[in-house]
Amino acid sequence: MASSDKVVETVIVGNYVEMETEGKPKGMKSKIPNLFWHGGSVYDAWFSCASNQVAQVLLTLPYSFSQLGMLSGILFQLFYGLMGSWTAYLISILYVEYRTRKEREKVDFRNHVIQWFEVLDGLLGKHWRNVGLAFNCTFLLFGSVIQLIACASNIYYINDNLDKRTWTYIFGACCATTVFIPSFHNYRIWSFLGLIMTTYTAWYLTIASLLHGQVEGVKHSGPTKLVLYFTGATNILYTFGGHAVTVEIMHAMWKPQKFKAIYLIATLYVLTLTLPVAAAVYWAFGDMLLDHSNAFSLLPRTPFRDMAVILMLIHQFITFGFACTPLYFVWEKAIGMHECKSLCKRAAARLPVVVPIWFLAIIFPFFGPINSTVGSLLVSFTVYIIPALAHIFTFRSATARENAVEQPSKYFGRWVGTYTINVFVVVWVLIVGFGFGGWASMTNFIHQIDTFGLFTKCYQCPPPASAVSPPPHGLNARAAAPLHHPFNHTRSP
């Protein structure tokens, strides 16, 4: 066979059986599209993890700091960053274990994307699969909803000619084009650009806040109420719970066993963005953030801010694709289209997935509060509790531990240390994340519904100009209006 042909062979690396594609594409025509479109390296996985981990939530972290206070905000970011990295590591271990067992049985995954619920099914049975599938799909569904809500919230800062509901319709149609992206292999250039966009936005917010300085009479009184405290903590839990797509990202890698430390490294980079942003904006505006869950709303409109808004809109489109692609896979498998070779047929089959996302974004347009609610009720189980319990039960027998493909590191205390960490994660997230966080976030979320109602046309938009007395200098007042919009008021009654 010619060296230019693609040959797929089974390669054993240690105890892990992986599928690798050998051979190089013919000519420049194939090389250029592959450079931008077809990724599977360690670097691609890192870009995917870092880009997906922090998107619109970057804009709500200063709001969380106003609820938590500076010290608690910093500590929770570091703590949940490490905890998220740990459970992502557990997911990677379980994926490798599952895939190795299946490939020893001669199962071929060349035209099949492995997903988290299939890992649970193969290792622990159908009941685990059903629970994992329910939580994972619901989380990813609302994760996609949050991106649409964020798009409408952000674009309103640079164009308020349309209400937020109309912007949701428009961006829902735009985001529906993600049905044409086949898999996570094809997010190479998007992940790279997404991380650049997030980095720009983070440093814009940080530098703009420092240059702006503290507002007159600034107060930093947080934490003041338990409801606000646990709502803020749960938003940070949500921030570092973006690894619901870990299995799909791993499956897109040429060498998935190299994933183990990628999420931790991605988290360390993300912390260099989230910590300065939250601290700087909170330092500058203090308790004003309790009434402004979107950090853009407190900064004056400049070309730099408009650029940050536009870049975040593009990045939210990318993150919508990250959250929705696993849902596309699940739907394809349910209707028997997953192994179809036609991209157009698969894209058409995926469109029904977008409709409920669009609808839910119109029902619950509560940017900010919805993050904490999803974090406490869904993220807590999907990416923290279930992976930790799954690891405990998968390796509960001595035989399973002895034959494990990946043995725990001595730095974690081998099996005893690993089990201890897992139990701590389950207990902490169940009590603090789901228990207290669920109570606080649902209290806040219900308050939004009582205050604004479902299907609100323009969530916390300022009143029309005709409803208020015109200021002396109309043009200047109009330009400055975004500074004082009472967006996203989520202070508890």
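The values are calculated or read from the model by the stated rules, or taken from the named source; none is laboratory data. Quick caveat, the model's predicted, so the values are computed rather than measured. Reconstructed Cβ throughout: ideal geometry from the backbone, glycine too, with neighbour counts over all protein chains shown. For accessibility, only protein heavy atoms count, side chains too; no ligands or nucleic acids. Shrake-Rupley method; radii C 1.70, N 1.55, O 1.52, S 1.80 Å.
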Average accessible area per residue (Å²) across segment 146-304 - probe 1.4 Å, nucleic acids and ligands excluded:
34
Highest to lowest packing among 174-184, 195-205, scored as the average C-beta count within 10 Å
195-205, 174-184
Per-residue counts of other Cβ atoms within 10 Å, averaged by peptide: what ranking do you get for 234-242, 313-321, 118-126, highest first?
234-242, 313-321, 118-126
Largest-first ranking of CYS137, CYS324, CYS344 by accessible area, probe 1.4 Å, whole protein assembly kept, is CYS344, CYS137, CYS324
Net length gained if the chain between THR302 and ARG396 were fully extended (0.36 nm per residue, minus Cα distance):
28.1 nm
Relative packing of 292-300, 74-82, 100-108, 347-355, which averages over residues the other C-beta atoms within 10 Å, highest first:
292-300, 74-82, 347-355, 100-108
Determine the distance separating the Cα centre of segment 159-236 from the Cα centre of segment 283-321; give it in Å without decimals.
6
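Between ASN130 and ASP163, what length in nm is gained on full extension when 0.36 nm per residue of separation is reduced by their alpha carbon distance?
Length difference between fully extended and current span is 7.9 nm.
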Taking the alpha carbon gyration tensor of segment 199-265, what are the square roots of 5 times its eigenvalues, largest first, to the nearest whole Å?
36, 20, 8
Sulfur and carbon atoms: percent of accessible area, segment 156-282 [1.4 Å]
68
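Sort segment 192-315 into rounded, prolate or oblate with this rule: let a ≥ b ≥ c be the square roots of the eigenvalues of the Cα gyration tensor; rounded if a/c is under 1.5, and if a/c is not under 1.5, prolate when a/b is larger than b/c, oblate otherwise. Could the numbers behind the result be given before it?
On the way: a/c = 2.66, a/b = 1.58, b/c = 1.68.
Verdict is oblate for segment 192-315.
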Whenever you get a sec, compute what percent of the accessible area on segment 55-140 sits on carbon and sulfur atoms (1.4 Å probe).
61
Determine the order of VAL425, VAL218 by accessible area, beginning with the largest, at a probe radius of 1.4 Å.
VAL218, VAL425
